[in-house]
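Below is one structure; the comments refer to it alone.
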There are 2 protein chains.
Amino acid sequence: MRLFHARGYDAVGVAELGAALGIKPPSLYAAFGSKAGLFKQALERYFTSDANIFGRALAEGGGVDAVIGRMFRLAARLYPARDGVAGCLVLDGARNSADDEARGLTAAARAASRVAMRDFIATEHPARADDLVDFVVIALGGMSAAARDGAGEASLAAFAAKADRTFRREAAEGR
Amino acid sequence: MRLFHARGYDAVGVAELGAALGIKPPSLYAAFGSKAGLFKQALERYFTSDANIFGRALAEGGGVDAVIGRMFRLAARLYPARDGVAGCLVLDGARNSADDEARGLTAAARAASRVAMRDFIATEHPARADDLVDFVVIALGGMSAAARDGAGEASLAAFAAKADRTFRREAAEGR
DNA sequence: GGATTATTTTAGTGATCACTACAAAAATAA
DNA sequence: TTATTTTTGTAGTGATCACTAAAATAATCC
């Protein structure tokens, strides 16, 4: 999972993935069916891990403003490079991949995340949920990309604070 | 150039690039030296084209607020997918590439753009130029990524408007 | 027009890609 | 303990990758 996250789907070959798991290609195929199957499992593990910032922010409770703000702060803390891994696997793991299946898997994961966030925002802002979730999704995408380009926690935290303020203002205007 | 932009550096091979230019590989190598050399030229042409949103926004004059706002609006208009091409070549063209040289070329282009924007912002906000340009860069990164994921002009324009408002507020606070 | 130079193409190169047939090893059942 | 099933590894497969040596073609010079 870390290899896919660090370098993207296409840049990591099956031989290297097998070596990281301590198995040879046939065993990898026996276990996962294909490279994309392994990627799918990596995405599922990512979703259930501490990297799921929306899930974590939601678990601590609070209103929409609190949860979204917490999520931005979590992104600022978790996205900067650590051991060569930066950003978000779902948002950028299959960026520019030549493999339709891999791109489809991340597209589906992104769509599911967007729906979950939109539905949560709609609990307080039904009329503006689409507009607000778009803002959140695009802002997080920018943070993931920036982290992968080398941005540090300080600059991501400054952006998160601005995004948080903006979200609160935009949400309050729809009341 | 459009192939690199549409699919990313690694997803387009030399044979396909040659076919698009109407030449065979040796001629391509004679002309550009390497695949990365061709990519370098594509980046240079992109920079001098209408896709240079900072250059275009700057050419119309005005203060920092006006230029940055105009740039966000240009991004919202130019980034959505058209003929399979979306987002920004400099920001996302070599994302996840296994080729160090290609990634280095886009990193250098991004750094140069950032410096240019920072210096421009510093003409009115010297104390906050770094903070403000970080916001701009991350926001544009999010817009490019969103466009490549299929976002349309309406949602990018809505984000651009919010980013514009945010930039103006944050800039005004540092006065 | 012939000789020379420049450009382009044909036909590859060695490496890597995702994946697999078959053999070997390990685990399980009788 | 032997037979059967499952798991893993060896040794590939055909395709694609970026790139190139040598041949062919086109352009230029005298």
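The values are calculated or read from the model by the stated rules, or taken from the named source; none is laboratory data. Owing to the predicted nature of the structure, the values given are computational and were not obtained by experimental measurement. We place every Cβ from the backbone using ideal geometry, glycine too, and count neighbours over all the protein chains shown. Side chains are part of the model used for accessible areas, which takes the heavy atoms of the whole protein and leaves out ligands, DNA and RNA. Shrake-Rupley method; radii C 1.70, N 1.55, O 1.52, S 1.80 Å.
Accessible surface calculations at 1.4 Å, restricted to protein heavy atoms, place the protein assembly as shown at 44 Å² per residue.
Per residue of B:40-51, other chain Cβ atoms within 10 Å of the residue Cβ number 0 on average.
Kirkwood radius and radius of gyration were both taken over the C-alpha atoms of segment B:1-99, and their ratio Rg/Rh is 1.06.
Here the Karplus curve 6.51 cos²θ - 1.76 cosθ + 1.60, taken at θ = phi - 60°, turns the phi angles of segment A:48-54 into couplings of 8, 9, 5, 6, 6, 5, 5 Hz, with x standing for Gly and Pro.
Across B:Asp99, B:Asp119, B:Asp83, mean-square fluctuation computed from a Gaussian network of chain B (C-alpha pairs under 10 Å connected) peaks at B:Asp83. Considering only chain B, the C-beta nearest to the rotation axis that sends B to A is found at B:Gly142, 1, the distance in whole Å.
Note that segment B:117-131 has calculated 3J(HN,Hα) couplings of 5, 4, 4, 5, 4, 5, 5, 10, 10, x, 6, 10, 4, 5, 4 Hz, one per residue in order, obtained from phi through the Karplus relation 6.51 cos²θ - 1.76 cosθ + 1.60 (θ = phi - 60°); glycine and proline are x. Remark on segment B:75-157: hydrodynamic radius 13.7 angstrom, per the Kirkwood mean of 1/r across alpha carbon pairs. Kindly state, to the nearest 0.05, the FRET efficiency for B:Ala122 paired with A:Arg165, given R0 = 25 Å and r defined as their beta-carbon distance. Rounded to the nearest 0.05, the efficiency is 0.65. Summary of the geometry: segment A:123-155 and segment A:59-103, compared by the centres of their Cα atoms, lie 9 Å apart.
Working from Cα pairs under 8 Å separated by at least six residues, relative contact order for segment A:81-175 is 35 percent.
Between helix A:153-173 and chain A, what is the angle of the helix's C-alpha long axis to the longest principal axis, kept within 0 to 90° and rounded to the nearest 10? Tilt of helix A:153-173: around 50 degrees. Taking Cα atoms only, the orientation of helix A:35-47 departs from the longest principal axis of chain A by about 40 degrees. Relative contact order of chain B, taken over Cα pairs closer than 8 Å and 6 or more residues apart, is 27 percent. For the chain pair B and A, the buried solvent-accessible surface (1.4 Å probe, both sides summed) amounts to about 2700 Å².
Solvent-accessible area of chain B (1.4 angstrom probe, protein heavy atoms only): carbon and sulfur portion equals 55 percent.
Each copy carries a label point for B:Ala108 at 7 Å from Cα toward Cβ; from one copy, the others' points are 4.1 nm away, ordered from shortest.
Using only the Cα atoms of the protein assembly as shown, build the gyration tensor, take square roots of its eigenvalues as a ≥ b ≥ c, and label the shape rounded, prolate or oblate: rounded if a/c is under 1.5, else prolate if a/b is larger than b/c, else oblate. Taking the square roots of the gyration eigenvalues as a ≥ b ≥ c, the protein assembly as shown is oblate. The contact residues of segment A:112-138, meaning those that lose at least 10 Å² of 1.4 Å-probe accessible area when all protein chains sit together rather than their chain alone, are A:Asp131, A:Asp134, A:Phe135, A:Ile138. All distinct Cα pairs of chain A go into the 1/r average, and the inverse of that average, the Kirkwood radius, is 17.0 Å.
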